[in-house]
Amino acid sequence: MRQHFSNQTDERVHWLTLFLKLPSEGIAAHFPSEADCEARIAQVRWPNGPICAACLGKNIADPTTRKPFRCRDCNKQFSVTSETILHGRRLNLQTYFQLAASIIEGEVRGSQLTGHGIKDTYGIAYATAVRLKRTITDELSSGDGGLLGRCICARELAIPQDVELGSVDHLDWLQGELQRRRWKSLGFE
């Protein structure tokens with residue numbers, strides 16, 4: 001379910017933060033293969049190695065060519081996407097990563113991605129495009145950006161210590177950072 005922000009400042013801070021954390025070289029260049037996406041999901045979900053969702057065991061057998069992990073304690077098989085919004089997906093992970101980045105960019109620019117735009121870009125049915133947009137937007141709207149947000153927002157922000165997170169000063173700093181990046185991309189430093 002889409003998070004309701006307490007005010008416009010909170011919402012703007014949230015989306016600007018996600019936007020500024022996107023890789024500068026773009027999603028396709030930062031995650032050039034499906035394996036890179038899978039590795040990033042594993043790194044974000046399990047920074048200290050895979051954990052079985054069924055028994056919380058850490059005694060996990062390495063994936064085989066079919067790619068499921070297997071818990072040696074309870075014998076359950078699982079993948080990097082098991083029990084996430086990406087479980088049972090029909091599109092590849094690169095598509096989800098790119099679509100999430102496009103939704104973030106649309107939120108910041110105020111030009112929402114439409115169901116028809118998603119349908120045309122990714123060659124999927126309109127109803128699927130609308131459902132996918134809603135699901136990914138809801139995920140990204142969570143306080144930390146959800147799994148997708150944490151995966152694709154790979155840059156760190158050096159927010160000054162004197163800026164209170166979630167404050168108007170925080171919003172001002174984020175907007176200034178956005179402006180600095182725009183000027184830099186135009187060759188001004």
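List of remarks:
- Between region 153-186 and region 19-37, the alpha-carbon center distance in angstrom: 20
- The chain: most fluctuating residue of CYS153, CYS37, CYS74 per GNM, C-alpha cutoff 10 Å: CYS74
- Applying a 4.7 Å Cβ-Cβ cutoff to the chain, the cysteines left without a disulfide-compatible partner are CYS37, CYS151, CYS153.
- Simple point charges give the picture: +1 on the Cβ of Lys and Arg, -1 on the Cβ of Asp and Glu, and for the chain a dipole about the Cα centre of about 840 debye.
- Residue-averaged 222 nm ellipticity for the chain, from DSSP H runs of 4+ at -39500 (n - 2.57), nearest 500: -15500 deg cm²/dmol
- Think of the chain as a dipole: +1 on every Lys or Arg Cβ, -1 on every Asp or Glu Cβ, centred on the Cα centre; then among GLY146, THR17, VAL108, GLY146 lies furthest on the positive end.
- In plain terms, the chain from ALA35 to ALA125 could stretch by 29.8 nm, reckoned as 0.36 nm per residue minus the Cα-Cα distance.
- The mean accessible area for residues of the chain, using a 1.4 Å probe and ignoring ligands and nucleic acids, is 58 Å² per residue.
- Lysine pair number, Cα distance threshold 26 Å (strictly under), the chain, separation 8 or more or different chains: 6
- Cα-projected label distance for ILE85 with SER142, points at 7 Å along beta-carbon direction, nm: 0.8
- Per-atom-type breakdown for region 86-169 gives carbon and sulfur 47% of the accessible area (1.4 Å probe, protein chains only).
- Calculated P(r) of region 68-181 - Cα pairs past 17 Å, %: 64
- Applying both filters, DSSP loop and at most 13 other Cβ atoms within 10 Å, to the trypsin sites (Lys or Arg not before Pro) of region 64-165 gives ARG66, ARG72, ARG89, ARG90, ARG155.
- Net length available on complete extension from ARG134 to ALA53 is 26.6 nm, with 0.36 nm assigned per residue and the Cα-Cα distance removed.
The values are calculated or read from the model by the stated rules, or taken from the named source; none is laboratory data. The structure displayed is predicted, hence computed values, not measured ones. So basically every Cβ, Gly included, is an ideal-geometry build from the backbone, and we count neighbours across all protein chains shown. Side chains included, ligands, DNA and RNA excluded: accessible areas come from the protein's heavy atoms. Shrake-Rupley method; radii C 1.70, N 1.55, O 1.52, S 1.80 Å.
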